[in-house]
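The values are calculated or read from the model by the stated rules, or taken from the named source; none is laboratory data. What you see is a predicted model, and the numbers here were worked out from it, not measured in a lab. We place every Cβ from the backbone using ideal geometry, glycine too, and count neighbours over all the protein chains shown.
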C-alpha cells in the first residue's frame, strides 16, 4: 500500500534544511545611494521589492548582502521560460513505495521565513508569475493546491524580484498587475570612484589598474546604441582584473573578459580593443 509523506527540504535526514541557504560570510557590497536603508525599511514593513537594472551591476550581490545583514536565509531562483508553478511550489515524487511531497524553493522560503529572490523574473512563464501575487499584498499567503493548504508567510519572509529593463519586449515584460505590487529600486553601474573600489577589492589589482579598467568600461558603455546592445558590466571588469592579477597580459585580459563576451561583431570588437590599447 502506498503512503503519502511530506518532506519540507531536499532530504529526509536533514534536520533544518533552510540552513543550507544562509550566507556564511558577509558579501562585499559598496552602497552608492540609500538602497540599503530603503531595503531594510521595506523588509521591516513586510513589503516586496523589485530590483531593476542592467546585467552585472550588482543586483544579486546586493540581495546577498542584505540577507546577511538581516540574518535571513536567501533562497534564489534563476527564472527561465520553462519555470512552472510546480517548480516553485513543490511536487509529489515516488520514493520506493511512498509518495513523498517535496517543497519547491518558494514554499521552502515561506515556511522558514527566508528571503526568496526570483532573479530575472520576466523570463518565467506568465502563469507562473501570477502565483506570487497573494504573497505580495496584505494576505501574504501561498496557496499550495496539491496539498490543499494555504501557507501564511511569517513576518520574516520577504519576496524580491529582479529584471533587466534593457531586455524588455512585448513578449517579455512584467504586467502592470505584477509591477504595481512591488516597491522598486533602480540599479545602474556604480559611479567611477565606487566602481574602481569594487574592482580593486574583488579583482585583486591596484587602484591604478582598477581605474584604467573602469575608464575602459565607461568608454565601452558609450558604444551602447551604436551597435552594442548592452554596456560592459562591473562583473566583467572584475573578471578582467582577476585575470590581470593572475599574470595575464592586460590587453589579453580585456579581450577575453570584455570585448569577446559582450559582442560577436568583429568591427565592434576592434573598436573595443582600440579603446583598451588607448587607455592601457
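Quick check on segment 195-228: of everything there that is touching a residue at least 60 places away in the same chain (Cβ under 8 Å) and more than 21 Å from the chain's Cα centre (by Cα), which residue is surrounded by the most Cβ atoms within 10 Å (Cβ to Cβ)?
216
Just name the residue that is nearest to residue 118 (Cα to Cα) out of those in segment 23-64 that are touching a strand residue (DSSP E or B) at 6+ places or on another chain (Cβ under 8 Å) and surrounded by fewer than 17 Cβ atoms within 10 Å (Cβ to Cβ).
If we take residues in segment 23-64 being touching a strand residue (DSSP E or B) at 6+ places or on another chain (Cβ under 8 Å) and surrounded by fewer than 17 Cβ atoms within 10 Å (Cβ to Cβ), then 47 is nearest to residue 118 (Cα to Cα).
Checking the conditions here, which among 26, 64, 35 is modelled with pLDDT of 95 or more and within 21 Å of residue 153 (Cα to Cα)?
Just one listed residue meets the conditions, 64.
Output yes when any residue across segment 210-217 is in a helix (DSSP H, G or I), outside the structural domain of residue 46 (by TED's automatic domain parsing), farther than 14 Å from residue 240 by Cβ and at pLDDT 95 or above, and no when none is.
No, segment 210-217 contains no residue that is in a helix (DSSP H, G or I), outside the structural domain of residue 46 (by TED's automatic domain parsing), farther than 14 Å from residue 240 by Cβ and at pLDDT 95 or above.
Do we have residue 240 as out of contact with any strand residue (DSSP E or B) (no Cβ under 6 Å at 6 or more places or on another chain), surrounded by 16 or more Cβ atoms within 10 Å (Cβ to Cβ) and in the same structural domain as residue 197 (by TED's automatic domain parsing) here?
yes
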